[in-house]
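Only the coordinates and a few stated rules stand behind these numbers; no lab work does. As the structure is a computational prediction, the values presented were derived from the model and not from experiment. Ideal geometry is used to build each Cβ from the backbone, glycine not excepted, and the neighbour counts take in all protein chains shown.
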Amino acid sequence: MGAVLRGICLLLVAVLTHCQPHVSWHNYFAKEVLQPIDVKHGANTTLSKQLLSNITFIQLPIKASTCGVIYNIALPYARWDAALDRPRSLPTKYINLTLHALRAARLRLSNDEDRLRLTNELCPEPLQFGIYLDPCVWRVLPAVEQARLMTAFDVVGLYPRIQDVSLMVPTKLPFMQLDPTLWMRRYFGLMTSPFRATMMLDQDAMPCRGDWDKAFGTVVGFDISTYIPGTKYAGSCNNRRLPHPPYLEGVVNKRTSQDDPDSVSSLQQELRDWEHFGERNLGTILLDLKQAPAVHALLFLVDTFVRQVWDFVATGFTNQQDKTYCVHHDQVAIRETLFLLRNHVKEGSLQPLVNRIRRFWRTTAVFFHCP
């Protein structure tokens, strides 16, 4: 009995030690500039290559399809203790949700004869499916659960550890919908996708109509396909002006020099354009990662989200009540990214097909059902 207890203790120590937070900033923040984008008012796009290199793959297909879908199982930092204490409950619940969505997606795929036509000849092979998980979630899963995922998905990848991602953004902020590191990990999954045309679906986005994969045809001739949600400015608490791209600060606060009227007029027009540029929902998005502008947009998105989060922290949340500066979730970041790159990134629309992918907002439910 004593030997068994010692073995259990050593196993717990190994798991917990591996999941301990990193306190060394320089290890993961040795950022280098990657192909600066020459875009007016834009910033150099940077990326932590170390974090990306920490993504590992448990399973990859011998040959990846041109088109594929990726799902994410990333737990908020606040639920980690529960995941470690009850490994058969919390992670399994999210896995069941994802597998249910996967079955719905596979069931409603177009057949081989129609797929090439429906996708504008982008997807010659059958779609493949991938899933990314937190490494600590993977380690506490029973072997039978790990095997179930490897059987169901063509790709199984592990994110960087949440503690390492938390060196870029905090793990919890007041008034934010979710843990900011959840969104950061989602970006890393997109960046490392093995599929040229990658669709990312949240667990609450489940295909409910046949031939939904014709959505891949919307990215042909474009770099990215998105859809605009019903509430266009939910991420900024319905404030269409704030937060805004940094270069508009002067005109917003009327501090722009009047020495150059043409410049002032141009900035004022930019501000009006910004106020009418709606958010995009990242819970259903499609990118052609063979196109450099799509990759640049992802890099730009990471920088933009990190800056917006820390700007939100700098407000001390004192403006939350009157909604003068609010970052509720990452739709604000994709809005700014696509606005700044609107002359460089060709954006297609999933809007006509979004009714084929039904979104459910009861994320605590065990299963979602198509009507």
Inset, instruction - Could you work out the local net charge near CYS123, counting Lys and Arg as +1, Asp and Glu as -1, over the other residues with Cβ closer than 9 Å to its Cβ? - result: -2
Legend entry - Ranked by how many other beta carbons lie within 10 Å on average, peptides 224-235, 158-169 from highest: 158-169, 224-235
Legend entry - Rough spin-label spacing in nm, given labels placed 7 Å along Cα→Cβ, for SER263 and GLU121: 4.9 nm
Legend entry - Neighbourhood net charge (12 Å Cβ-Cβ; Lys/Arg +1, Asp/Glu -1) for THR304: -2
Inset, instruction - State the extension gain, in nm to one decimal, for the chain segment bounded by LYS63 and VAL313, taking 0.36 nm per residue of separation less the distance between their alpha-carbons. - result: 85.6 nm
Inset, instruction - In whole Hz, with x marking every Gly and Pro, tabulate ³J(HN,Hα) for the range 121-136 from phi via Karplus 6.51 cos²θ - 1.76 cosθ + 1.60, θ = phi - 60°. - result: 6, 7, 10, x, 9, x, 4, 10, 10, x, 9, 10, 10, 5, x, 6
Legend entry - Estimated inter-spin distance, LEU52 and ASP114, nm [label 7 Å along Cα→Cβ]: 3.7 nm
Inset, instruction - Go through 264-272, 295-303 and give me the packing order, highest mean Cβ count within 10 Å leading. - result: 295-303, 264-272
